[in-house]
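Just below is one structure, and these are the notes that go with it.
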Amino acid sequence: MDYIDPHIHMISRTTDDYHRMARCGCVAISEPAFWAGFDRGSADGFRDYFRHLVEVEPRRAAQFGIQHYSWLCINAKEAENVSLSRDVIAMIPEFLQKPGVLGIGEIGLNKNTRNEAIVFQEHVDLAMRTNELILIHTPHLEDKLKGTRMILDMLKSDRRVNPARVCVDHVEEHTVAAALDGGFWCGMTLYPTTKCTPQRAVDIIERHGTERIMVNSAGDWGKSDPLAVPEFILEMRRRGHPETVIRKIVLDNPLAFFRQSARWREPALRVEAPRGA
Ligand SMILES: [Zn+2]
């Protein structure tokens, strides 16, 4: 089945991963800017990283017929350094008109600190001034519920923000309803153990439906699976969900969200006969 992985950090993955994803039906991915595993020392370090995202990864992906898109920001883990963050935010507009850039992300909170909130709001302000989509990272484990509430409150208090142009990622059982009820898009991250396993993600779909929700691998340099979306497809089939429902979550929904960006280009899709035909 054709699918899109809307959140994966291919800079950390091998070319073999691109190959395996293509064989499983991946037609497009989007790669948010994130933490390198260490704090970068300067805005120039981010400039080189952004060049990698908008120039190098699209070429690697294209070798396997996969379209590559990206999101730009300084992530919440580095946001404690407010002056560096401001230098990076000031530099982002240099890249916003590059092909394949979908917007600002993944911005959010990590430890829910005051500085993280300041940098988050300045990113949102940039997105509003430049009319860009937003991709949100919500915090991990014990910080998730409080951090998600803080993020949603900050977004709702900025009257320029249209929730239909924002995706709140890494939602889990206890945060999905708040994001959906606010009119936002949601992403569920399929990790082998933490965040959502494919089984938990299917449980959430069965409870909350298929509107404005998608799934991603968030594959990166940590324990993660670049084929997590195909695992989700298998779990949906195992439980007897129709192909049209599965396709909505792994393809139609990300397409609907991404089409709001002027720089989105339609991927070439295979036309598949209905199963059993
Ligand atoms: Zn990520």
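Computed over segment 156-211, the P(r) curve from all C-alpha pair distances, binned at 10 Å from the origin, holds 24, 52, 20, 5 percent per bin.
From least to most packed, judged by other beta carbons within 10 angstrom and beginning with the fewest, Val119, Val202, Val215, Val250 follow the order Val202, Val250, Val119, Val215.
Note that segment 234-249 has calculated 3J(HN,Hα) couplings of 4, 5, 4, 5, 4, 8, x, 6, x, 4, 5, 5, 5, 4, 4, 6 Hz, one per residue in order, obtained from phi through the Karplus relation 6.51 cos²θ - 1.76 cosθ + 1.60 (θ = phi - 60°); glycine and proline are x.
Derived scalar couplings between HN and Hα for segment 207-224 equal 8, 10, x, 10, 7, 6, 9, 9, 10, 8, 8, 6, x, 8, 8, x, 5, 6 Hz in order, rounded to whole Hz, by the Karplus curve 6.51 cos²θ - 1.76 cosθ + 1.60 (θ = phi - 60°), x for Gly and Pro.
How large is the direction-averaged shadow of the alpha-carbon convex hull of segment 20-91, in nm²? Its Cα hull, projected and averaged over all orientations, spans 5.1 nm². Summarising the amide proton neighbourhood of Val215: residues at separation of 5 or more, or on other chains, whose placed amide H is nearer than 5 Å comprise Met188.
Sorted from longest to shortest, the spans of the Cα atoms of the chain along the three principal axes equal 59, 39, 33 Å. Taking amide hydrogens as placed 1.01 Å from N in the peptide plane, the amide H of Ser70 sits under 5 Å from those of Glu31, Val101, Leu102, each at least 5 positions away in sequence or on another chain. Shown for Leu234, Leu84, Leu190, Leu102: other C-beta atoms within 10 Å of each C-beta, ranked fewest to most, produce the order Leu234, Leu84, Leu102, Leu190.
Working from label points 7 Å from Cα in the Cα-to-Cβ sense, the Glu55 to Glu142 distance is 4.4 nm. Using every Cα-Cα pair within segment 115-208, state what percent have a distance larger than 15 Å. Counting pairs separated by more than 15 Å, the tail of P(r) holds 59 percent. Counting lysine pairs in the chain that sit 8 or more residues apart in sequence, or on different chains, and whose Cα atoms lie under 19 Å apart gives 13.
Per the helix-only calculation at 222 nm, which mean residue ellipticity applies to the chain, given -39500 (n - 2.57) for every DSSP H run of n ≥ 4 and division by its residues, nearest 500 deg cm²/dmol?
Working: 11 runs with 104 residues, N = 277.
So the helix-based figure for the chain works out to -11000 deg cm²/dmol.
Coupling constants for segment 160-176 follow from the phi torsions by the Karplus curve (6.51 cos²θ - 1.76 cosθ + 1.60, θ = phi - 60°), and in residue order they are 6, 7, 9, x, 5, 10, 10, 10, 9, 9, 6, 6, 10, 3, 8, 10, 5 Hz; glycine and proline get x.
With R₀ set to 41 Å, the beta-carbon distance separating Thr244 from Gln121 gives a calculated FRET efficiency near 0.55. Label separation (Thr130 vs Arg237): 4.0 nm, computed from points 7 Å beyond Cα along the C-beta direction. Free of any trypsin sites (Lys or Arg not before Pro) that DSSP assigns to a loop and that have at most 14 other C-beta atoms within 10 Å, the longest stretch within the chain is 1-110.
Projected area of segment 28-155, taken from the Cα convex hull and averaged over every viewing direction, in nm²? Could you put the intermediate results ahead of the total?
Numbers: hull surface 30.9 nm².
Average projection, Cα convex hull of segment 28-155: 7.7 nm².
Taken together, the values in this text are just the output of simple stated rules run on the coordinates, not laboratory data. Please read these numbers as outputs of a predicted model, since none were measured by experiment. Every residue, glycine as well, gets a Cβ built from its backbone with ideal geometry; the counts of neighbours run over all protein chains shown.
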